[in-house]
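The values are calculated or read from the model by the stated rules, or taken from the named source; none is laboratory data. Keep in mind that what you see is a predicted model, and the values were worked out from it rather than measured. Cβ placement follows ideal geometry from the backbone for every residue including glycine, while neighbour counts extend to all protein chains displayed. What goes into the accessible areas is simple: the full protein's heavy atoms, side chains included, and nothing from ligands, DNA or RNA. Shrake-Rupley method; radii C 1.70, N 1.55, O 1.52, S 1.80 Å.
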Amino acid sequence: MQVLSLQSILNTNTFKDFHTPNSAVCSTLGVHSHLNNIENKAADVVRAEKSSRKNGIKKILPLAGAVIGTLLPLVILNNFKGKSLNMKILKDGVPLEKLKEIGEYFEIEGAKEILLTAGGAIAGGLSGGVIYDKNKENRKEKVKEAVFEMTNITVPTLIAAGTLDLLKSKKLDKGLFKFAPFVLGLGAGIPLASKVSGFISKKIFKEDKDGIRKFHPKDFLVHADDMVEMLVLLKIPFAKQLHIDKLLALIYAKCGYETGIKDTDNKGHGHHH
């Protein structure tokens with residue numbers, strides 16, 4: 001009986017199919033692997049572009065809504081007042097004159113204009129946000145932010161305006177008394193707004209104790225917009241000279257925008273905190 005050597009067994013047809021692939025096969029496999037890598041990278045790029053486009057739309061709609069919501073109440077109010085833009089200046093004036101004309105047209109003066117403009121901006125930003133974002137929890141966060149922003153604007157404004165009207169009726173709006181609306185509007189209005197906001201969060205949005213935003217003394221530092229409101233409301237001369245009143249429309253548009261982009265991943269305290 002002939003004993004076959006190991007080499008002769010490996011050379012039989014039975015084992016030839018299991019030989020190591022030749023260089024041509026390896027080369028082909030390498031090309032396929034490389035092509036797969038390219039396809040995966042291309043798919044990643046497409047996904048990234050789609051995500052970027054979605055994020056762009058997610059931000060553009062609230063911004064557009066906030067800007068429209070800010071300007072529309074002022075246009076309507078000016079129409080009732082008979083106030084209009086000087087088209088001659090807009091057409092032939094130098095850039096500085098054009099900016100001044102537009103700034104004066106969109107000027108915010110009293111409590112009514114403050115509240116209507118702020119409300120319009122926040123409603124516009126909210127509308128732009130919920131049109132695109134269909135997620136129920138995200139929409140809830142936007143509504144909560146809208147209520148929070150509007151409360152923090154309304155309460156200090158009403159306190160300051162009410163105090164000012166009271167002082168005027170008693171003919172006490174002179175000397176140091178002139179600063180009472182400013183002090184009460186900020187000193188009492190901001191903490192009270194926080195209380196009201198917390199009550200709404202608890203009763204309407206069913207927030208637990210940990211979820212309710214609490215007021216801290218350091219929060220006064222970030223209420224710069226409320227300070228601008230007070231200066232405009234009280235018609236402080238230097239505020240008019242420095243055109244600080246022109247900032248209000250921008251501030252409210254920002255409030256509206258931040259309301260519209262709020263979601264469960266962005267539960268921050270908005271521009272007020």
Residue that is open to solvent by less than 20 Å² (accessible area, probe 1.4 Å), farther than 13 Å from Leu72 by Cα, of a type in the set (Gly, Ala, Ser) and part of a helix (DSSP H, G or I), where the choices are Gly120, Gly129: Gly129
Look at region 142-163 and say how many of its residues are open to solvent by 30 Å² or more (accessible area, probe 1.4 Å) and either not in a helix (DSSP H, G or I) or not charged (D, E, K, R) (or both). 7
Per the filter on region 86-109, residues outside any helix (DSSP H, G or I) and either within 23 Å of Gly65 (Cα to Cα) or among the aromatic types (Phe, Trp, Tyr) (or both) are Phe106, Glu107, Ile108, Glu109
Hey, can you tell me all the residues within region 164-174 that are open to solvent by 50 Å² or more (accessible area, probe 1.4 Å), assigned to a helix (DSSP H, G or I) and either farther than 30 Å from Gly124 by Cβ or of a type in the set (Val, Ile, Thr) (or both)? Leu166, Lys168, Ser169
Which one of these does Ala188 not meet: (1) at pLDDT 90 or above; (2) at positive phi? (2)
Taking the conditions exactly as written (assigned to a helix (DSSP H, G or I), surrounded by fewer than 15 Cβ atoms within 10 Å (Cβ to Cβ) and without any contact (Cβ under 8 Å) to a residue 60 or more places away in the chain), does Glu113 satisfy them or not? no
